[in-house]
Structure formats: structure tokens, C-alpha cells
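Q: Please find one structure pasted underneath; my questions will follow.
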Amino acid sequence: MDRRPFIGVSTYLVDASWSDWRSRRVALVPERYTAYVRDSGGIAVLLPPDAPERAPEVLARLDALVIAGGPDIDPAYYGQTRHPLTDVDSPERDVWETALVRAALAAGMPMLGICRGMQVLNVVCGGTLVQHLPDVVSPDVHAGSPGRYGAHSVRPVPGTLLGGLLPESELVVPTFHHQAVDRLGDGLRVSAHAPDGTVEAVEGPGFALGVQWHPEQGEDLRVMQALVRAATAARTVPLEAVPLEAVSG
């Protein structure tokens with residue numbers, strides 16, 4: 001029997017306290033991400049921020065990539081000044097995740113971006129973001145409440161990768177975000193919208209998929225199961241051959 005594929009999941013660097021330890025710098029990700037991978041047939045491998053030039057070497061040991069949700073990417077990455085409500089506090093993660101996405105795209109590695117991860121994918125491909133959705137969408141159904149995910153419907157686009165995975169005309173998803181895709185990145189297409197027009201999924205060549213919602217917070221495994229299938233089918237890609245310039249941009 002073939003081994004289960006190794007799915008890399010990006011992590012946070014944060015200060016945390018536990019037991020006798022206070023304000024220790026740790027790399028972490030919510031457990032729902034690892035459970036989502038495990039329950040879909042993969043093995044989760046956590047990826048703490050590292051030097052960007054090491055991204056191809058790291059991916060060479062994996063079968064697929066997940067860029068997890070989290071704080072906003074620095075708008076300098078897409079040529080804008082910071083909105084007062086843009087939450088930029090993870091520069092190491094910005095550098096590392098953009099390098100991972102560039103390396104995965106260059107190698108054709110199956111990849112899933114979740115929430116922030118979808119935004120990173122769009123930015124790496126030359127797109128921009130709406131920095132604060134309540135400025136352009138009313139009422140705002142996307143943000144949830146502090147410490148609690150919200151829910152709203154999304155409409156997959158027929159004929160897309162996502163539309164094939166989620167063939168229903170509309171479904172309700174867990175949500176927690178205040179930013180979204182504005183200008184679409186090069187080589188990407190929109191594969192789901194919210195009823196208010198907000199872009200809820202984008203995809204590129206092969207299995208390069210981003211969803212704006214948080215599927216790991218629900219019971220629907222179809223998106224991750226598809227990533228696991230794509231990872232199993234793509235194991236022979238020689239990621240060691242990805243050039244450094246593909247990562248550094």
C-alpha cells in the first residue's frame with residue numbers, strides 16, 4: 001500500500017504561556033488544521049518560518065502544501081500603504097509563506113491556501129487585496145465575532161476545479177476574515193463568490209487552490225481529500241530542481 005502523503009502546513013510564530021513557562025516564542029497552528037489533514041488521509045507536517053531560500057529544500061520532502069490562515073499580509077507586498085485596521089505583525093511569516101508559494105507554483109506542487117493563505121497566493125501572483133471589507137461590503141457577514149467563526153453561503157463557479165469538488169450551487173461555510181481579493185493575480189481565476197460578490201475562491205494551474213473560508217472548522221472534507229489525492233498523484237515532481245530565483249521573485 002502506498003504511504004499517506006506528507007502535507008506541509010505553515011505555522012505562526014507567537015509568544016505563548018503554558019505550565020511554568022511564560023511568554024515563550026513558539027511555532028504553532030490550530031489543531032483543526034492537522035485534524036483536517038489527518039481525517040482526509042494525509043500526514044500533517046508543521047512548517048515553522050525559515051529562510052526563504054530553503055523553501056525548495058523543504059518542499060522536496062513533502063507531497064503538498066497548505067498555507068494556513070492568520071494575520072494580514074503586509075500590504076507593501078502588493079504596493080499599498082497600510083490601512084488603519086490591517087493587522088500586520090508577522091514579517092517572518094510573510095517572507096516564508098511567499099517563498100513557499102513561489103516554490104510550490106514553480107514546481108507544480110499541489111497547494112491549498114486557506115483564508116490568509118488564499119490572499120498570499122493572490123499576492124504572489126501579482127494581485128491585490130481589499131484591506132478592510134466593511135469599507136466596501138455592507139452588511140459584513142464575513143468577519144464572525146471575536147473568538148468565534150461566522151457562517152455565510154458561497155457559490156462555486158461551474159467548470160472550475162472547485163466547482164467540480166463542490167458541485168452544489170450554494171453551500172454554507174465557516175468564515176472569519178476582514179480582507180479579500182481585489183485585483184486578481186496573474187494566471188488565477190475566480191472559482192467561488194459570496195452572494196455579496198466577494199471572491200471566495202481562486203485557482204491556478206494544476207492543483208493551486210485558495211479558499212477564503214475555513215474548511216478546517218467544518219465537517220466537509222472534500223477540498224482536503226482532493227488535495228491528498230493530488231499529492232498522491234504528484235509525488236514524482238523533482239522539487240530539488242526548483243531554482244532559487246523562483247523563490248526570491
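The values are calculated or read from the model by the stated rules, or taken from the named source; none is laboratory data. Nothing here was measured: the structure is a model prediction, and the numbers come from that model. Heads up, the Cβs are rebuilt from the backbone with ideal geometry, glycines too, and the neighbour counts pull from every protein chain shown. Note: areas computed on protein heavy atoms with side chains; ligands, DNA, RNA excluded. Shrake-Rupley method; radii C 1.70, N 1.55, O 1.52, S 1.80 Å.
Q: Between a residue in region 164-175 that is within 16 Å of V190 (Cβ to Cβ) and any residue that is polar (S, T, N, Q) and surrounded by 12 or more Cβ atoms within 10 Å (Cβ to Cβ), which pairs come within a Cβ distance under 7 Å, given they are 6 or more apart or on different chains?
A: E170/S153
Q: Spot the failing condition for E240; the list is (1) part of a helix (DSSP H, G or I); (2) open to solvent by 10 Å² or more (accessible area, probe 1.4 Å); (3) modelled with pLDDT of 95 or more, and only one is missed.
A: Status for E240: all satisfied but (3).
Q: Find the residue count for region 89-111, including only residues that are without any contact (Cβ under 8 Å) to a residue 24 or more places away in the chain and in a loop (DSSP other than H, G, I, E, B).
A: Number of matching residues: 1.
Q: Test of understanding: among V130, V154, V123, V141, which residue is open to solvent by less than 40 Å² (accessible area, probe 1.4 Å), within 24 Å of R32 (Cα to Cα) and either in contact with an Asp or Glu (Cβ under 6 Å, 6 or more places away or on another chain) or of a type in the set (V, I, T) (or both)? Walk me through how you get there before you give the answer.
A: Working: V130 fails: within 24 Å of R32 (Cα to Cα); V123 fails: within 24 Å of R32 (Cα to Cα); V141 fails: open to solvent by less than 40 Å² (accessible area, probe 1.4 Å).
Answer to the check: V154.
Q: Just to be sure I understand, how many residues within region 154-177 are of a type in the set (S, T, Y) and over 19 Å from the mean Cα position of the chain (by Cα)? Walk me through it before giving the result.
A: Going residue by residue through region 154-177, those that are of a type in the set (S, T, Y) are 160, 169, 175.
From what is left, the residues that are over 19 Å from the mean Cα position of the chain (by Cα) are 169.
Matching residues across region 154-177 total 1.
Q: Can you name the residue in region 53-93 that is more than 21 Å from F6 (Cβ to Cβ) and among the β-branched types (V, I, T) and, of all such residues, is farthest from the chain's Cα centre (by Cα)?
A: Taking the candidates together, the pick is T81.
Q: Restricting region 208-223 to residues that are part of a helix (DSSP H, G or I) and in contact (Cβ under 8 Å) with a residue 60 or more places away in the chain, which is nearest to V173 (Cα to Cα)?
A: Initial filter on region 208-223 (part of a helix (DSSP H, G or I)): 215-217, 222-223.
Okay, now just the ones that are also in contact (Cβ under 8 Å) with a residue 60 or more places away in the chain, so 215-217, 223.
Working: P215: 7, E216: 10, Q217: 9, V223: 12 Å.
Here the answer is P215.
Q: Another question about this same structure. Working only within region 185-194, note down all residues that are over 15 Å from C115 (Cα atoms) and open to solvent by less than 70 Å² (accessible area, probe 1.4 Å). Walk me through how you get there before you give the answer.
A: Narrowing region 185-194 to residues over 15 Å from C115 (Cα atoms): 185-189.
Selection gives G185, G187, L188.
Q: Going through R102, R116 one at a time, which residue ends up being at pLDDT 95 or above, out of contact with any Phe, Trp or Tyr (no Cβ under 8 Å at 6 or more places or on another chain) and open to solvent by 30 Å² or more (accessible area, probe 1.4 Å)? Working first, answer last.
A: Details: R116 fails: open to solvent by 30 Å² or more (accessible area, probe 1.4 Å).
Going through R102, R116 in turn, the sole match is R102.
Q: Filter region 198-226 for residues that are of a type in the set (D, E, K, R), crowded, with 24+ Cβ neighbours inside 10 Å and over 16 Å from V120 (Cα atoms) and give the result.
A: E216
Q: Looking only at region 107-127, which residues are within 12 Å of L65 (Cβ to Cβ) and of a type in the set (G, A, S)?
A: A107, G108, G113, G117
Q: Here is a further query. Within region 166-180, count every residue that is crowded, with 17+ Cβ neighbours inside 10 Å and either among the aromatic types (F, W, Y) or out of contact with any Gly (no Cβ under 6 Å at 6 or more places or on another chain) (or both). Spell out the reasoning first.
A: Taking region 166-180 as the starting set, the residues that turn out to be crowded, with 17+ Cβ neighbours inside 10 Å are 166, 173-180.
Checking the rest, the ones that are also either among the aromatic types (F, W, Y) or out of contact with any Gly (no Cβ under 6 Å at 6 or more places or on another chain) (or both) come to 166, 173, 176-180.
Of the residues in that region, 7 qualify.
Q: So which residues in region 97-123 are under 12 Å from the mean Cα position of the chain (by Cα) and among the hydrophobic types (A, V, I, L, M, F, W, C)?
A: L100, V101, M111, L112, I114, C115, M118, V120, L121, V123
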